[in-house]
Amino acid sequence: MTEKRAWLPQYPKVVWVVALVLFGGSFLYRFLEVAFHNDHFEYLALATEILNGAVPGIDFFDPTRPLQYYASAAGLWFGHQLLAEALLCVTLLSAGAALVFFLGLEISGAVSLGAMASFFVVAILPRLYSYPKIIVPALALLFLWRYLDRPAPSRLAAVALATAVSFYSRFDYGMWVAFAVGASLLARHWRAWRQLATAAMQYACVVVLLCGPYVVMQVAMGGGLTSGPGSGRLRHLLQGEDVVSLGLPSIPSERPLVWFRPAGPLATV
């Protein structure tokens, strides 16, 4: 099998048709009756702060979900509306259902069992903001299963990329995926210690390369790697060392999406 075939799965057309039907059915089912729960607006409020120049972990409590915050902020870039957020969440939930189908197909070899697993994911009706809980493990486990089935450098790189996506979605997701990868590498290569060490080192290097800059940025800017009021500039704000402005958030049109607000006597929280 060529490297291209190792990277791109070769499924029969009927499998792609079933996956497309599952994706489309999930999308219509959720989008035709979109429901934003109260907790969802925490993400939108913090995404608005990002548009105003705030940095996760430095200017507000939670540094652990930057990818989800910045994804919501990208939707708010088009205006203060909920359509972009609804499209984002429903699309990723539906993509997660399709990935569960492929994962079930890879494990069982049966289209019917993969479709049943995907149906269960849709039927539990996860809240819109919970899309990382569906798509992150499905993506990571699918890439990991494909590596275990036929180890290749490209497949190991895909596993490392999925781990980084898990980390940026929520830190503990990255930790659990890394634990699963470590146990899987040990089970796959336990009779070939040199191959095990090589695969583990390659995986760790790619993960550190992808996740390390964010950790370094948090440390360099006085942030933290855990949620809570003791992280970053918030610690000084809560101790009364800075003046806190409680003005209503707005979406400035003149600032880029990624903009680091320098430390100063005023902050919006």
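The values are calculated or read from the model by the stated rules, or taken from the named source; none is laboratory data. If you're wondering where the values come from, they're calculated on a predicted model, not measured in any experiment. Note that each Cβ is placed from the backbone with ideal geometry, even for glycine, and that neighbours are counted across all protein chains shown.
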The condition from (1) touching a Ser or Thr at 6+ places or on another chain (Cβ under 7 Å); (2) over 27 Å from ALA164 (Cα atoms); (3) small (Gly, Ala, Ser) that ALA47 misses is numbered (2)
What is the number of the single condition among (1) crowded, with 18+ Cβ neighbours inside 10 Å; (2) modelled with pLDDT of 90 or more; (3) out of contact with any Phe, Trp or Tyr (no Cβ under 6 Å at 6 or more places or on another chain); (4) not polar (S, T, N, Q) that ALA98 does not meet?
(3)
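Which residues, counting only those in the stretch 5-20, are at pLDDT below 50 and more than 26 Å from the chain's Cα centre (by Cα)? Show your work before the answer.
Here is the first cut: in the stretch 5-20, the residues at pLDDT below 50 are 5-7.
Matches in the stretch 5-20: ARG5 only.
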Residue under question is ALA110, and the condition is that it be closer than 22 Å to VAL177 by Cβ and more than 20 Å from the chain's Cα centre (by Cα); does it hold?
no
Show the residue pairs that are 6+ apart or on different chains and have beta-carbon atoms under 9 Å apart, the first residue being within the stretch 184-197 and closer than 21 Å to PHE143 by Cβ, the second being part of a helix (DSSP H, G or I) and hydroxyl-bearing (Ser, Thr, Tyr).
SER184/TYR147; LEU185/TYR147; LEU185/TYR203; ARG188/TYR147; HIS189/THR198
Residues of the stretch 112-147 being surrounded by fewer than 16 Cβ atoms within 10 Å (Cβ to Cβ), of a type in the set (A, V, I, L, M) and part of a helix (DSSP H, G or I), which ones?
LEU113, MET116, ALA123
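Does LEU139 satisfy the condition of being within 23 Å of GLU42 (Cβ to Cβ) and not β-branched (Val, Ile, Thr)?
Numbers: within 23 Å of GLU42 (Cβ to Cβ): no; not β-branched (Val, Ile, Thr): yes.
For LEU139, the condition - within 23 Å of GLU42 (Cβ to Cβ) and not β-branched (Val, Ile, Thr) - is not met.
Restricting to the stretch 149-196, and then to whatever is of a type in the set (Lys, Arg) and part of a helix (DSSP H, G or I), can you tell me which residue is surrounded by the most Cβ atoms within 10 Å (Cβ to Cβ)? Give the derivation first.
Step one: filter the stretch 149-196 for residues of a type in the set (Lys, Arg), giving 150, 155, 170, 188, 191, 194.
Pick out the ones that are also part of a helix (DSSP H, G or I) and you get 155, 188, 194.
Working: ARG155: 20, ARG188: 17, ARG194: 8.
Among them, the one singled out is ARG155.
Any residue in the stretch 209-221 that is within 30 Å of ARG150 (Cβ to Cβ), surrounded by fewer than 16 Cβ atoms within 10 Å (Cβ to Cβ), out of contact with any Gly (no Cβ under 6 Å at 6 or more places or on another chain) and modelled with pLDDT of 90 or more?
Scanning the stretch 209-221, I find at least one residue that is within 30 Å of ARG150 (Cβ to Cβ), surrounded by fewer than 16 Cβ atoms within 10 Å (Cβ to Cβ), out of contact with any Gly (no Cβ under 6 Å at 6 or more places or on another chain) and modelled with pLDDT of 90 or more, so the answer is yes.
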If the requirement is being of a type outside the set (Asp, Glu), at pLDDT 95 or above, under 21 Å from the mean Cα position of the chain (by Cα) and within 23 Å of SER130 (Cβ to Cβ), which of these qualifies: LEU93, LEU46, LEU83?
LEU93
Provide a single number: the residues in the stretch 28-87 that are outside any helix (DSSP H, G or I), under 15 Å from ARG170 (Cα atoms) and among the aromatic types (Phe, Trp, Tyr).
1
